[in-house]
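A short worksheet on the structure shown next.
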Amino acid sequence: MTLKSLTGRTALVTGAGRNIGRAIALRLAHDGADVAVHYNTSVAQAAEVVRTIEGAGGRAFAIAAELATLAGIERFAESLKGTLAERGASGLDILVNNAAVIAEGGDTIAAATESSFDRIVAINLKTAFFLTQLLSPLLKDGGRVVNLSSRPSEVAFPSGIAYAMTKAALNSLTKSTAKEFGPRGITVNAVGPGVIETDRTVPRMLVRQEARAAIAATTALKRIGLVDDVADTVAFLVSDDARWLTGAYIEVAGGAGI
Amino acid sequence: MAEKPLSGKIALVTGASRGIGQAIALRLARDGARLAVHGSKGAEETARAVEKAGGKAVSLAGELSTLTGVDALAAAFKRQLGQRAPDFLVNNAGIQASPNDTLERLGEADFDRLIAINVKAPFFLVQRFLADFPQGGRVVNLSSQLSQIAFPEQIVYSATKAAINSLTKSLAKELGPRGITVNAVGPGIIETDMTRDRLLGTEQMRAFVAGNTALKRIGKPDDISDIVAFLLSDDARWVTGAYIPGGGGARL
């Protein structure tokens with residue numbers, strides 16, 4: 001049997017109970033990593049992800065945390081350190097900052113409220129910042145950080161204006177942390193999906209056939225993206241093959257809007 | 001034994017006699033692809049290295065500074081590989097004209113040659129294979145970090161690589177409906193015959209170049225070929241029209 005590429009490595013994927021985060025967790029576990037499946041409210045879903053991974057012979061554990069406050073992030077980092085130590089890991093190899101929210105009740109310049117603004121900044125940006133800060137001592141030399149950005153970070157997106165801003169800020173964080181962690185051999189990259197079919201996007205924009213066709217038509221490859229399309233690129237970024245790629249924004253959108 | 005990811009595929013790598021092109025050929029062969037390795041005078045040494053490692057390769061010669069040469073390469077590929085177009089085309093061949101590549105010094109002959117080899121050859125090579133690229137094919141164009149920044153010391157080389165990035169996007173859109181992805185990879189300073197004497201000649205120069213990267217070392221051809229291997233793999237099926245930097249975090 002050949003050794004899997006991530007055997008012996010540990011990974012944390014935030015927001016891994018559903019959608020893209022789930023697909024990333026499954027793929028990294030498939031490649032041999034021991035995966036911390038973080039969730040907030042998706043209790044049953046996270047348990048299912050762990051069962052699926054274990055059923056396929058992989059290693060994973062679920063870990064809950066509300067990441068909207070710094071106190072929550074601190075508790076989560078401590079808890080993760082403890083669990084990793086119990087599992088015999090000397091640190092963290094891979095951090096995937098995936099957890100994110102979209103604004104409820106409309107994310108336009110007109111509709112945004114202070115509370116919707118603060119919440120989206122807290123979860124999409126502040127969490128990634130402080131989680132990276134707090135887990136930095138745990139990250140091993142040669143480790144990997146992948147931040148889930150979004151195509152709207154690069155283009156005008158008035159219907160999700162605050163969301164797009166947080167993702168653009170995440171791209172900036174990616175560059176600065178790439179420079180900061182580079183001397184340790186740690187790479188930091190951002191991945192920018194286009195419209196991906198998830199339980200979040202389907203009800204909002206992918207129900208009607210005409211809507212689906214219109215979105216597929218905006219891509220060069222003429223289909224709608226799937227969660228595995230994104231997870232497979234993340235798998236590359238955390239692999240040894242990507243060792244010379246850092247501080248980059250990699251769009252995974254099937255050539256949308258090019 | 002697990003089947004290799006690129007088994008049954010044919011890859012054409014231009015400029016594969018040395019440096020990054022050679023590393024790409026060796027990596028793709030390791031992943032199971034059959035190689036057509038091009039060099040202006042052939043790439044026999046690369047072909048032998050591929051065969052020695054258990055792979056399959058044929059060497060193709062062709063001077064890419066004229067359209068006649070490009071046509072000859074396309075014809076030789078079809079004749080020797082028994083397929084009308086490669087599954088994977090890696091447009092890697094490129095030249096530099098430094099130290100003459102400045103606004104003040106560059107003459108028309110050098111200007112025309114830079115454009116011919118770095119831009120015109122990839123353009124027409126793709127055109128010659130256009131109708132025959134198989135569904136799920138891949139094109140990777142070797143660009144440069146210099147395509148993204150001001151670099152008056154290599155003014156036209158940088159411009160040719162920016163043109164390649166533009167070509168990459170248009171081709172991605174053109175070929176997308178056929179399931180073919182087209183991407184550009186932009187290396188920073190990589191240690192090769194092309195750069196060793198000119199940019200990496202002294203310890204001081206080496207330290208300066210390494211210091212400019214986030215990862216604090218000098219890039220190697222394998223660092224780039226491993227990125228190219230991803231772009232040719234099924235894992236990269238949803239990445240197209242992209243510019244992927246391969247500079248170790250230089251100039252962030």
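Where a number appears in this text, it was derived from the coordinates with a stated rule and is not lab data. A quick note: this is a predicted structure, and the numbers were derived from the prediction, not measured. Neighbour counts are summed over all protein chains in view; Cβ atoms, including those assigned to glycine, are modelled from backbone coordinates with ideal geometry.
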Compactness summary of chain B: radius of gyration and Dmax from Cα atoms, Å, are 17.3, 59
Based on the Kirkwood radius over alpha-carbon pairs, what is the Stokes-Einstein translational diffusion coefficient of region B:72-210 at 37 °C with 0.692 mPa s viscosity, in µm²/s?
200
Degrees separating the helix B:67-81 axis from the principal Cα axis of chain B, which is the longest one:
40
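Using a Förster distance of 51 Å, how high is the FRET efficiency between A:A56 and A:T108, based on the Cβ-Cβ distance and rounded to 0.05? Each step should come with its number before you reach the end.
Numbers: r = 43 Å, r/R0 = 0.84.
Using R0 = 51 Å, I get an efficiency of 0.75.
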FRET efficiency, 1/(1 + (r/R0)^6) with R0 25 Å, evaluated for B:S170 and A:M205 via beta carbons
0.35
Cα centroids of region A:179-224 and region B:27-98: how far apart, whole angstrom?
35
Just A:L173, A:L221, A:L125 to compare: in a GNM of chain A, with alpha carbon springs under 10 Å, which one fluctuates most?
A:L221
Across B:T102, B:T160, B:T202, the residue with the highest GNM fluctuation in chain B (Cα network, 10 Å cutoff) is B:T202
Name the long-range amide H neighbours of A:A253: under 5 Å, sequence gap of 5 or more, or other chain; modelled H, no Pro or chain starts.
A:G194, B:T240
Taking chain B as the reference, fit the longest principal axis to its C-alpha atoms, fit the long axis of helix B:221-232 to the helix C-alpha atoms, and give the angle between the two in degrees, 0 to 90, nearest 10.
40
Which cross-chain or sequence-distant (5 or more) residues have an amide H under 5 Å from the amide H of A:A60, H modelled 1.01 Å from N in plane?
A:V35
What shape does region A:111-258 have by the C-alpha gyration tensor, where a ≥ b ≥ c are the square roots of the eigenvalues, rounded means a/c under 1.5, and otherwise prolate means a/b greater than b/c and oblate the rest?
oblate
Cα pair distances exceeding 38 angstrom across the protein assembly as shown, given as percent:
28
Pair-distance profile P(r), taking every C-alpha pair of region A:177-258, with 10 angstrom steps and integer %:
17, 40, 25, 14, 3
Volume per residue that the Cα convex hull of chain A spans, once the total is divided by residue count, Å³
132
Using alpha-carbon pairs under 8 Å, 6+ residues apart, how would you state the relative contact order of region B:119-252 in percent?
30
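Suppose every Lys and Arg Cβ carries +1 and every Asp and Glu Cβ carries -1, with no other charges. What dipole size does region B:157-252 come out with about its Cα centre, to the nearest 20 debye?
On the way: 12 positive and 10 negative charges, 67 e Å.
It comes to approximately 320 debye.
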Cα lying deepest toward the dipole's positive end in chain A, options A:L134, A:A77, A:T218, charges on Cβ
A:T218
For region A:58-185, what size does the Cα cloud have along each of its three principal axes, sorted from largest down, in whole Å?
50, 30, 28
Overall dimensions of region B:5-135 as given by Cα atoms, namely Rg and Dmax in Å:
15.1, 50
Calculate one ³J(HN,Hα) per residue across region B:36-43 by plugging θ = phi - 60° into the Karplus curve 6.51 cos²θ - 1.76 cosθ + 1.60, and present them in order as whole Hz with x for glycine and proline.
10, 9, 9, x, 4, 10, x, 9
In nm, spacing of pseudo-spin labels at A:V155 and A:E74 (7 Å Cα→C-beta vector)
4.2
Taking the 0 to 90 degree range and rounding to the nearest ten, how far is the long axis of helix A:19-30 tilted relative to the main principal axis of chain A, both from C-alpha atoms?
30
Would you calculate the volume per residue, in Å³, of the smallest convex hull containing every Cα atom of region B:174-252?
103
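Using the Kirkwood radius over Cα pairs, work out the Stokes-Einstein diffusion coefficient for region B:41-107 at 20 °C and 1.002 mPa s, in µm²/s as a whole number. Can you show the working numbers first?
Working: Rh = 14.3 Å.
It comes out at roughly 150 µm²/s.
Give A:K167/A:K222; A:K175/B:K56; A:K175/B:K173; B:K41/B:K216; A:K140/A:K222; A:K179/B:K169 a once-over and call out the pairs whose C-alpha atoms are over 31 Å from each other. Intermediate values should be presented prior to the final figure.
On the way: A:K167/A:K222 25 Å; A:K175/B:K56 40 Å; A:K175/B:K173 28 Å; B:K41/B:K216 36 Å; A:K140/A:K222 40 Å; A:K179/B:K169 28 Å.
From A:K167/A:K222; A:K175/B:K56; A:K175/B:K173; B:K41/B:K216; A:K140/A:K222; A:K179/B:K169, over 31 Å: A:K175/B:K56; B:K41/B:K216; A:K140/A:K222.
Are there trypsin sites (Lys or Arg not before Pro) in region A:154-208 that DSSP marks as loop and that have at most 16 other Cβ atoms within 10 Å, and which are they?
Values: sites: A:K167, A:K175, A:K179, A:R184, A:R200, A:R204, A:R208; in loops: A:R200, A:R208.
The qualifying sites are A:R200, A:R208.
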Burial order of peptide ranges B:134-142, A:244-252, A:38-46 (average beta-carbon count within 10 Å, highest first):
A:244-252, B:134-142, A:38-46
What residues have an amide H closer than 5 Å to that of B:G62, excluding those fewer than 5 places away on the same chain, when H is modeled at 1.01 Å from N in the peptide plane?
B:G39, B:S40, B:K41, B:G42
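So what is the relative contact order of chain B, in percent, for Cα pairs below 8 Å that sit 6 or more residues apart? Walk me through the intermediate numbers first.
Working: 507 pairs, mean separation 45.9, N = 252.
Relative CO of chain B lands at 18 percent.
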Stokes-Einstein diffusion coefficient of region A:1-140, Kirkwood radius over Cα pairs, 20 °C, 1.002 mPa s, in µm²/s:
138
Under 10 Å, Cα contacts only: if you run a Gaussian network model on chain A, which one of A:A56, A:A23, A:A168 comes out with the highest mean-square fluctuation?
A:A56
Can you list the HN-Hα couplings for region B:206-218, worked out from phi with the Karplus curve (6.51, -1.76, 1.60; θ = phi - 60°), rounded to whole Hz and with x for Gly and Pro?
4, 5, 5, 5, 4, x, 6, 9, 5, 8, 6, 8, 9
